[in-house]
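Colleague: If you scroll down you'll find the structure; I have some questions about it.
The values are calculated or read from the model by the stated rules, or taken from the named source; none is laboratory data. What you see is a predicted model, and the numbers here were worked out from it, not measured in a lab. With ideal geometry, Cβ positions are generated from the backbone for all residues, glycine too; neighbour counts draw on all protein chains shown. The protein model used for the area step is the full one, side chains on, heavy atoms only, and it has no ligands, DNA or RNA in it. Shrake-Rupley method; radii C 1.70, N 1.55, O 1.52, S 1.80 Å.
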Amino acid sequence: MNEEVLAQRESAGGRIGHMCAFDGQTCLMYVFGGYMGYTDEMQTNYLSSEELWVYDTLIEKWSMRRCTGETSAADIPTGTSGACCLLNGCYIYMFGGYNEEGNSNQLYRLNMRTLKWKLLNPSGNRPLACDKSVCWHYNQRIYIFGGYGCIPDTDDYNYQFVFDPKSHWHYKRGWNNQLVYYDIEGDQWVWPHVEGIAPLPRAAHAAAIVSHQVFIFGGRHQGLRMNDIYSIDMRQMSWNEVMAYDTNESIVPIGRSWHSFTPLSDQQIVLYGGFSQDNRPLSDCWILDIQSMTWISINLPFNKPRLWHSAIASPFGEIILFGGAQQNILNFNNLQNTKDLYSGEIITLRFVPKSLLRLCLDASVLNSQSLQKQWKYLPKHIKRLLDLRKQTLLTNSAGS
């Protein structure tokens, strides 16, 4: 990988609707795109896809790398929010989203070795242009479900589309429940046949894949933010309603959109935050027990509302949240300071104690005055981790 690191800023900064992918082998989280605020002309301030921000979850440190186009600048995604993306092998794939020209149904690929973007042109019928959809990877296929976007340009489609009467008259949009996949090896779009009753059209929902099962939770359908759960068996290609919409807030999370829903293990999925039916940013945390299909409410030692953030599961038994909105995203005009809306904070939900390696790194750095003379005898990769971790701890403690 290109090791160019740009140090103009120390972190990815506040943003919402960004794209995020995680490499479990290197423990690196990748962040790009999204938006923060508006320009003087009241245009959305989309953040560049040329800047790939990298967060090392082991040493808790940010760096930034510059990306280019494989053949030209046209290969680089324009500033985008609400796209779905994932890492497969040495590539990040990004589909759809919303940019200055409206909804997109373009598919891009970033080579993580060369840091070059490429605009792909698969054969087959493209998905509907939309944002706020979800995606997952299974058997060399990238599946895309749902979203909010343009009206279909044909009457011949095998999914549901619900028009949003509140969308702008010159750009009519709505919710869909399309399910389509990109065949990586065949470089083509495929519309699979799926048994069972599909979930209602929705957007800003979340998906979690555990083994051969994909679980879909919540999202917005017309005026309703839901808390239902559907699953799709990827071996049988069949939908199943696991849990219907429920208003009993004592035993289930309330309906929401723009939340995160992240597998912690093969038995548990962690739900965090989102946007409620009455337009409240949420800070609650729940665990879904997959075996019993029951919800467990988690009491956290802090209250940090987040919506339209990102979340990944690290190999250390943690869920790491980044970015998102901290306040009502629909109440932008009444904010005293618009910068308060956008979070650039990392939130770590730790469900197991820190590993021995990480405890030793922290202890060695905190006691570096007495121990640092011995660091030269350590293996090079451990010494490098200590040096980087020391920089992080010194930066985080500055001014405190």
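Colleague: Output the residue which, of all residues in the stretch 228-237 that are touching a residue at least 40 places away in the same chain (Cβ under 8 Å) and not in a strand (DSSP E or B), is most open to solvent (accessible area, probe 1.4 Å).
Modeller: Only one residue tops the list, namely Gln236.
Colleague: Being part of a strand (DSSP E or B), farther than 14 Å from Tyr181 by Cβ and open to solvent by less than 60 Å² (accessible area, probe 1.4 Å) is the filter here; which residues of the stretch 99-118 pass it?
Modeller: Hits for the stretch 99-118 are Asn99, Gly102, Asn103, Tyr108, Arg109, Leu110, Asn111, Trp117.
Colleague: Can you give me the ranges of the strands (runs of 3 or more DSSP E) entirely in the stretch 56-98 with at least 3 residues that are under 12 Å from Ala21 (Cα atoms)?
Modeller: Where strands (runs of 3 or more DSSP E) fall fully within the stretch 56-98 and carry at least 3 residues being under 12 Å from Ala21 (Cα atoms), they are 84-88, 91-95.
Colleague: Which of the residues spanning the stretch 200-227 are without any contact (Cβ under 8 Å) to a residue 60 or more places away in the chain, part of a loop (DSSP other than H, G, I, E, B) and on the phi < 0 side of the Ramachandran plot?
Modeller: Leu200, Pro201, Arg202, Gly223
Colleague: Okay, moving on. Pairs under 6 Å by beta carbon, first residue open to solvent by less than 100 Å² (accessible area, probe 1.4 Å) and part of a loop (DSSP other than H, G, I, E, B) in the stretch 152-166, partner modelled with pLDDT of 90 or more and aromatic (Phe, Trp, Tyr), six or more apart or different chains?
Modeller: Pro152/Phe161
Colleague: Pull out all pairs, ordered by first then second residue, where Cβ-Cβ is under 9 Å, the residues are six or more apart or on different chains, the first lies in the stretch 69-88 and is in contact (Cβ under 8 Å) with a residue 40 or more places away in the chain and on the phi > 0 side of the Ramachandran plot, and the second is open to solvent by less than 20 Å² (accessible area, probe 1.4 Å) and assigned to a loop (DSSP other than H, G, I, E, B).
Modeller: Going by the 9 Å Cβ cut-off, the qualifying pairs are Gly82/Gly17; Gly82/Gly34; Gly82/Gly96; Gly82/Gly97; Gly82/Ser133; Gly82/Ala204.
Colleague: Let me ask something else. Given the structure, is Asp246 acidic (Asp, Glu), assigned by the TED database to the domain that holds Gly323, crowded, with 16+ Cβ neighbours inside 10 Å and part of a strand (DSSP E or B)?
Modeller: Judged against the criteria, Asp246 is not a match.
Colleague: Select from the stretch 168-178 the residues that are open to solvent by 20 Å² or more (accessible area, probe 1.4 Å) and either in contact (Cβ under 8 Å) with a residue 40 or more places away in the chain or of a type in the set (A, V, I, L, M, F, W, C) (or both) and list them in ascending order.
Modeller: Trp169, Tyr171, Arg173
Colleague: Does Asn240 satisfy the criteria of being surrounded by fewer than 21 Cβ atoms within 10 Å (Cβ to Cβ) and farther than 16 Å from Arg350 by Cα?
Modeller: Yes; evaluated as a whole, the condition is true for this residue.
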